[in-house]
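Okay, so here's the structure we're looking at.
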Amino acid sequence: MKFKKSWNSIRWRIVLIYFLLVFIAMTITGVFIMSELEAYQMESIRSNFSKIVQENILSLQEYENLLDYQDELQIDIVAWSESLREEMFVVNSDFIIIASSNLNYIGKSGLDLLEQNILVQGLSGEKAEADVILPTGIPVKNMVFPIEYQGKITGVVCLRADISSVYETQSQSKLIFLQAMCVALAVTVVLGFFISRSITVPINELREKAEKMSEGDFSQVVSVKSDDEIGRLAEMFNLLRQKLDYTLSEISNEKSKLEIIVKYMADGLLAVDMNRHIILANPAAVHMLSITEKELREKSYDEIIGKRSKALLFDSIRENCKNGGAHTTFDYSGLAFAVRYDRFRDENDADVGIIILLQDITEQQKLDHMQRDFVANVSHELKTPLTTIKSYTETLLDGASADPETTRSFLTVVDAEADRMSRLVRELLQLSRLDYKQENWLKKEANVISVLKTAVTKVEMTAATKKQEIKCLFDPKEKLPAVIDRDRIEQVLLNILSNAIKYSPENSLIEVDAYKEENLAMIFVKDNGIGISEKEQTRVFERFYRVDKARSREMGGTGLGLAIAKQIVEEHGGTILLSSSLNEGTTVTIALPLAPMRGQKNIE
Ligand code: ADP
């Protein structure tokens with residue numbers, strides 16, 4: 001915004017104020033001087049009149065009847081008036097001019113030629129005066145003085161003086177005064193113009209700097225040139241600029257901090273205004289709801305969100321958050337979301353929009369389910385052997401113990417079930433130790449082939465009972481050194497091998513292989529058993545997951561073996577994979593990192 005020079009500016013106002021002040025002061029002074037001058041001149045005429053009367057006319061008071069002494073009076077008046085500029089008339093109580101410095105007036109009626117009012121006043125004993133303009137156009141001052149003889153008014157003396165010089169002096173003075181005023185006003189305007197610069201220049205500087213500040217340039221510093229109000233204003237301006245600069249940078253820091261938080265926060269954040277336009281959607285929200293750039297640009301909130309969750313339509317969330325924030329959950333594209341929303345308002349408490357916070361609770365829900373399933377599974381796993389033990393012991397207590405044969409077979413079942421429970425508890429404890437990283441690892445360098453051979457030897461007997469052959473394809477002399485907890489890895493291999501035995505029919509072949517691949521020791525256990533469908537393969541590593549529950553339990557399985565195996569292998573930095581075809585067989589592959597190559601060393 002550019003500032004326009006106008007007659008409204010402070011500079012011209014100051015000039016105008018100076019002008020008016022000087023004009024008013026000079027006018028008042030002029031009027032006062034004029035009237036005083038006029039009063040002075042009139043007063044001097046008046047006192048002149050009084051002096052004349054006192055000096056010359058007092059003798060008139062000796063006459064009882066003035067008319068009787070008309071001639072003498074006339075001679076006296078002519079004599080007196082010779083030295084005077086004023087005209088003089090003596091009027092008796094009948095208003096007849098009995099003597100006058102103007103011979104033409106003698107004997108005539110004073111009422112016609114002189115001022116009636118003052119004559120009447122004079123004859124009533126008062127001094128009176130009147131300024132009039134004669135028919136000839138000459139302004140005159142008339143004054144009457146009563147003549148007394150022993151307390152009785154015998155007539156009046158009327159004096160008349162030309163006062164045109166007074167008026168002339170007046171108009172002359174007025175002219176001089178007007179000229180002086182014009183010069184004074186002109187000087188005032190010029191001086192005012194320059195004096196006002198001392199005020200307007202710093203103000204203009206302030207304005208220009210403020211203008212630049214409004215454009216975002218906060219480097220402006222105003223020079224403080226004086227210690228007066230304007231100097232203080234400049235000081236305050238500089239202080240204000242500093243504070244504003246500081247506050248704005250604080251705000252912008254906060255803003256960028258918030259922007260970063262909003263950008264990188266794991267929860268989705270949406271802000272929608274009252275016109276149902278999305279005014280903010282952070283990357284997490286865009287990702288969670290698979291919102292496209294185009295949708296954000298072109299579509300309204302309801303169009304975008306409505307097709308993802310009807311519960312989040314604008315009208316419904318606005319209604320819900322009337323009494324404070326609200327929350328809900330919804331599922332979209334296989335994920336579960338918890339949503340919290342609330343209105344945000346301006347400083348007048350009017351609604352500006354709604355902030356919506358989205359939280360992906362899919363994992364949490366899964367964990368909740370898993371936890372619930374886990375508790376249900378453990379209870380179930382314990383309940384079955386407990387029921388069996390209970391029923392067998394009850395039967396024994398009810399008298400079956402009389403027969404030693406039955407007693408023995410019953411106690412064998414009870415023993416097996418107790419074994420089963422203790423295995424279950426042992427495995428659960430091991431899982432818990434693995435979960436909480438409390439397992440005591442005894443890792444040292446060992447030959448994986450040797451561990452594999454031991455495991456195979458241990459299960460050979462079991463395989464033999466099913467007439468299964470375990471074929472070792474690896475070179476028994478090969479060395480695959482790895483830093484492992486021998487017992488734990490053996491436990492893993494035993495589990496895999498016993499699974500292969502358990503889930504393969506009699507007379508089948510189980511192949512075991514191991515070799516080095518890059519820096520990994522690869523172990524394969526392949527069976528030709530019942531296999532696992534593709535859908536279930538992904539779940540066999542879950543706790544308690546069993547494809548065929550009854551069969552697994554029958555074989556003494558707990559459904560925890562593979563879960564434990566996976567955790568042990570991963571603790572060693574390795575991987576375990578299971579690939580299978582239903583009714584064709586299963587291959588379990590374990591990859592363990594080989595020990596770093598050091599000097600040839602005998603390991604077993
Ligand atoms: P279990 O104690 O039941 O054997 P695991 O965790 O070792 O528990 O195995 C989980 C499930 O995976 C088993 O119940 C079984 O259904 C399936 N499974 C494991 N290994 C094999 C295999 N070699 N062939 C077929 N099914 C298998």
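The values are calculated or read from the model by the stated rules, or taken from the named source; none is laboratory data. Treat the numbers as computed from the prediction; the structure is a model and nothing was measured. Glycine also receives a Cβ, built like all others from the backbone with ideal geometry; neighbour counts cover every protein chain displayed. We work out accessible area using only protein heavy atoms, side chains counted, and drop any ligands, DNA or RNA first. Shrake-Rupley method; radii C 1.70, N 1.55, O 1.52, S 1.80 Å.
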Which residue, of Leu431, Leu452, is open to solvent by less than 90 Å² (accessible area, probe 1.4 Å) and at pLDDT 95 or above? Leu452
Asn447: in contact (Cβ under 8 Å) with a residue 60 or more places away in the chain and out of contact with any Lys or Arg (no Cβ under 9 Å at 6 or more places or on another chain), yes or no? no
Can you tell me which of (1) charged (D, E, K, R); (2) open to solvent by 80 Å² or more (accessible area, probe 1.4 Å); (3) outside any helix (DSSP H, G or I) is the one Arg276 doesn't meet? (2)
Within region 124-191, strands (runs of 3 or more DSSP E) holding 3 or more residues that are touching a Pro at 6+ places or on another chain (Cβ under 9 Å), in the same structural domain as Met88 (by TED's automatic domain parsing) and on the phi < 0 side of the Ramachandran plot: 128-133, 152-162
Give just the number: which of (1) out of contact with any Pro (no Cβ under 9 Å at 6 or more places or on another chain); (2) of a type outside the set (Lys, Arg); (3) open to solvent by less than 90 Å² (accessible area, probe 1.4 Å); (4) at pLDDT 90 or above does Gly268 not satisfy? (1)
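Residue-by-condition table, conditions (1) under 30 Å from Ser9 (Cα atoms); (2) at pLDDT 90 or above; (3) of a type outside the set (Ser, Thr, Tyr); (4) in a loop (DSSP other than H, G, I, E, B):
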residue: Thr200; (1), (2), (3), (4): yes, no, no, no
residue: Lys212; (1), (2), (3), (4): yes, no, yes, no
residue: Gln220; (1), (2), (3), (4): yes, no, yes, yes
residue: Val224; (1), (2), (3), (4): yes, no, yes, yes
residue: Val272; (1), (2), (3), (4): no, yes, yes, no
Some residue of region 365-377 being in a strand (DSSP E or B) and out of contact with any Asp or Glu (no Cβ under 7 Å at 6 or more places or on another chain): no
Looking at region 208-229 only, could you name the residues that are over 23 Å from Ser249 (Cβ atoms) and loosely packed, with under 13 Cβ neighbours inside 10 Å? Ser223, Ser226, Asp227, Asp228, Glu229
With the checklist (1) at pLDDT below 90; (2) in a helix (DSSP H, G or I); (3) loosely packed, with under 11 Cβ neighbours inside 10 Å in hand, flag the one item Ile28 doesn't pass. (1)
From (1) more than 10 Å from the ligand (Cβ to nearest atom); (2) aliphatic (A, V, I, L, M); (3) under 25 Å from Lys453 (Cα atoms), pick out the condition that doesn't hold for Met555. (1)
Leu577 fails exactly one of (1) open to solvent by 20 Å² or more (accessible area, probe 1.4 Å); (2) within 11 Å of the ligand (Cβ to nearest atom); (3) touching a strand residue (DSSP E or B) at 6+ places or on another chain (Cβ under 8 Å), namely (2)
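Determine, yes or no, whether Lys526 is within 10 Å of the ligand (Cβ to nearest atom) and either under 28 Å from Pro385 (Cβ atoms) or outside any strand (DSSP E or B) (or both).
When the stated conditions are applied, Lys526 does not pass them.
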Under 60 Å from the mean Cα position of the chain (by Cα), of a type in the set (S, T, N, Q) and at pLDDT 90 or above - does that describe any residue in region 162-185? no
